[in-house]
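FYI, it's all coordinate maths here, none of it is from the lab. Everything numeric in this text was worked out from a predicted model, so none of it was measured. All Cβ positions, glycine included, derive from the backbone under ideal geometry; neighbour counts span all protein chains shown.
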Amino acid sequence: MVAIILAGGFGTRLRSVVKDQPKPLAQVGKYPFLYYLIHYLKSENVNKFIFSLGYLHEQITSFLEEHFQDIDYKIVIEEEPLGTGGAVKLCAEQTTENEILLVNADTFFELKINSLTAYSLQKNADCVIALTQLENFDRYGVVKLDDNNKVLSFEEKKKTDIGLINTGLIFFNKEIMMPLFNKHNGAFSLEKDILEPNIESLKIYGYPQQGYFIDIGIPEDYFKANNNLAFFESLLAKDSITEGK
């Protein structure tokens, strides 16, 4: 399976504690956050990677060359910010595979990837968004589902007592989605310009799960990640066991 890793953001909100580094390279214990994320994906049988880079891309390129020479990966560099939609389009053009896993490089959600792909097949979905339920938040929009888990709407960020949020893990069908991407040039949003306007015509499903979720985009949650080192170290052990099979 191929994964597109979105790692091109500016990380503005985290710069007070992580200076002069792209956000995915923020240190969590002994290693950068991205190090754990790649090992997790490898342990879940992701064997091809396409990295979408932008801000301080040289640092991530060097990091990959140093630590992941053994994996099959490509680097795609945004010469100017393209938004989530533009970045995904540029990367999707670099693979012939039809099934693509989209991952945010500053977010981790514990999920069995094969269960996500099986769910997509079961629903005959064009796009499946891994969701998790949070309480008392205002950083994320809410995803509303019908009784069959088909996505009804994407609600704007606001103070919310309880709701399902997009974890940043999205599995989609390239053959279905690329014609929609190709209607746009330059910078555009995956959610605002692709998913929301086509919510009636696309088969977009939510996949609510309860795994561990962390988004290191703000200092508070970055510190939470560093206070949960045992979990992140377990991801490395899991990948080591997988490699030994």
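Calculate the dipole size of the chain relative to its Cα centre from +1 charges on Lys and Arg beta carbons and -1 charges on Asp and Glu beta carbons; express the result in debye to the nearest 20.
Roughly 260 debye, rounded to the nearest 20.
Going from the alpha-carbon gyration tensor of the chain, what semi-axes, largest first and in whole Å, does one get by taking the root of 5 times each eigenvalue?
One finds semi-axes of 25, 21, 19 Å for the chain.
Name the trypsin sites (Lys or Arg not before Pro) in the stretch 175-213 that are in a loop by DSSP and that have at most 13 other C-beta atoms within 10 Å, would you?
On the way: sites: LYS183, LYS192, LYS203; in loops: LYS183, LYS203.
Loop-located and lightly packed - LYS183.
Restricting attention to the stretch 1-89, which GluC sites (Glu not before Pro) occupy a DSSP loop and are surrounded by at most 13 other Cβ atoms within 10 Å?
Here the sparse-neighbourhood loop sites are GLU79.
Once you have all Cα-Cα distances for the stretch 170-213, histogram them in 5 Å bins from zero and send the whole-percent values.
5, 17, 29, 23, 12, 10, 5, 1
Alpha carbon centre of the stretch 150-167 versus the stretch 1-20: separation in Å?
Spelled out, the Cα-based centre of one part sits 23 Å from the other.
Given the stretch 117-235, report the % of alpha carbon pairs whose separation exceeds 17 Å.
Roughly 62 percent, once rounded to a whole number.
Once you list every other residue whose beta carbon is under 9 Å from the beta carbon of MET1, what net charge do they have if Lys and Arg are +1 and Asp and Glu are -1?
After counting each charged neighbour, the total is -2.
Which value at 222 nm does the chain reach when only helices count, each DSSP H run of 4 or more adding -39,500 (n - 2.57), with the total divided by all residues and rounded to the nearest 500 deg cm²/dmol?
Numbers: 7 runs with 75 residues, N = 245.
Result for the chain, helices only: -9000 deg cm²/dmol.
Using Cα centres only, tell me the gap between the stretch 27-47 and the stretch 100-136 in whole Å.
17
Can you give me the relative contact order of the chain as a percent, contacts being Cα pairs under 8 Å and 6 or more apart?
26 percent.
Can you list which of the GluC sites (Glu not before Pro) found in the stretch 131-217 are DSSP loop residues with at most 12 other C-beta atoms within 10 Å?
Sites meeting the loop and neighbour criteria: GLU156, GLU200.
Bin by bin, in steps of 10 Å, what percent of the Cα pairs in the stretch 28-100 do you find, going until the bin that has the longest distance?
That works out to 17, 49, 32, 2, in percent per bin.
So which of LYS144/LYS203; LYS42/LYS112; LYS23/LYS183 end up more than 21 Å apart, counting from Cα to Cα? Provide the component values of the computation, followed by the final result.
On the way: LYS144/LYS203 14 Å; LYS42/LYS112 12 Å; LYS23/LYS183 30 Å.
Table pairs above 21 Å Cα-Cα are LYS23/LYS183.
In whole Hz, what ³J(HN,Hα) sequence does the stretch 215-232 give by Karplus (6.51, -1.76, 1.60; θ = phi - 60°), x for Gly and Pro?
10, 8, x, 10, x, 4, 7, 4, 5, 4, 4, 5, 8, 10, 5, 4, 5, 5
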